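Please treat every number below as a calculation from the coordinates, not as lab data. Since the model is a prediction, treat every value here as computed from it, not as a measurement. Cβ placement follows ideal geometry from the backbone for every residue including glycine, while neighbour counts extend to all protein chains displayed.
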Amino acid sequence: MAWHINILTLFPEMFPGPLGQSLSGRALERGDWSYTALNIRDFATDRHKTVDDTPFGGGAGMVMRPDVIEKALLSLPQPGRRIYMSPRGRVLDQRLVEELAALPALTVLCGRYEGVDQRVLDACEFEEVSIGDYVLSGGEPAAMILMDACIRLLAGVMGNAATPDEESFAASTGGLLEYPHYTRPAEWRTADGRTLDVPDILRSGDHAKVEQWRRDQALALTRARRPDLLKK
Ligand code: SAH
């Protein structure tokens, strides 16, 4: 069964955006995944099509209305798991990506302005997911990042089916960062005249040694850069 994602947004024309290119774009054409981008504004009930209003308690910015978002959500035949892209959320990691990619359907709500009324998050059981400790102007780029990470895990999307679970953070490689890569030329002369070689072991043809070297490199890199991952 193909993977389906519903997106609730004020800017549906942003999708598929970059996901229409390259691997994810071809997978979309093949029908390996599909999306519905609903314009929240279509569910506004007043003649001005109001989707936001000033915050109770005062303060800067506008807040997206709960009633309009609920109507948009209820119009979906199969919403599945509901996610609100939000800097306050659980930070997206490969484990959550693997979980979401395995679902038949999910719905992602993209905020704008100051965000959305708390009541719709509670009433409609949206889980909050963040893409990192910085603030975007809208949830759409965050949703695209979540989608990209999920889509590349779908069966058949990557040319070489073995690739996704060999990469950084994959549970199957112990959640480590990936080892360094090298390709031709084997001897590279830089513009400033240095000659840089590829580690000998990678050209030795000894697969067991290569595997061991890669594991050692992955572990050393993870220890140096992301000791927090080793604790996990
Ligand atoms: N007032 C909010 C920020 C709103 S930013 C706060 O201070 O927490 C507007 C919208 O961008 C949010 O509703 C959310 O959907 C999206 N967004 C911003 N930063 C994000 C992040 N790090 N991860 C996921 N979504 C984010």
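Determine whether the range 25-44 contains at least one residue that is over 22 Å from Arg82 (Cβ atoms) and among the β-branched types (Val, Ile, Thr). No, the range 25-44 contains no residue that is over 22 Å from Arg82 (Cβ atoms) and among the β-branched types (Val, Ile, Thr).
Listed by position, the strands (runs of 3 or more DSSP E) inside the range 38-130 whose residues that are among the hydroxyl-bearing types (Ser, Thr, Tyr) number at least 2 are 81-91.
Residues in the range 96-129 that are free of Cβ contacts under 8 Å to residues at least 40 places away in the same chain and farther than 22 Å from Asp52 by Cα: Leu96, Glu99, Ala102.
Could you tell me which of the residues Glu167, Glu211, Glu187 is under 30 Å from Gly31 (Cα atoms) and without any contact (Cβ under 8 Å) to a residue 24 or more places away in the chain? Let's see the steps before the verdict.
Details: Glu211 fails: under 30 Å from Gly31 (Cα atoms); Glu187 fails: under 30 Å from Gly31 (Cα atoms).
Of the residues listed, the single one that is under 30 Å from Gly31 (Cα atoms) and without any contact (Cβ under 8 Å) to a residue 24 or more places away in the chain is Glu167.
Residues of the range 55-80 that are more than 14 Å from the ligand (Cβ to nearest atom) and either touching a Ser or Thr at 6+ places or on another chain (Cβ under 7 Å) or of a type in the set (Val, Ile, Thr) (or both): Val68, Leu73, Leu76, Pro79, Gly80. Restricting to the range 92-136, name every residue that is within 6 Å of the ligand (Cβ to nearest atom) and exposed (fewer than 14 other Cβ atoms within 10 Å of the Cβ). Answer for the range 92-136, where residues must be within 6 Å of the ligand (Cβ to nearest atom) and exposed (fewer than 14 other Cβ atoms within 10 Å of the Cβ): Gly132, Tyr134, Val135.
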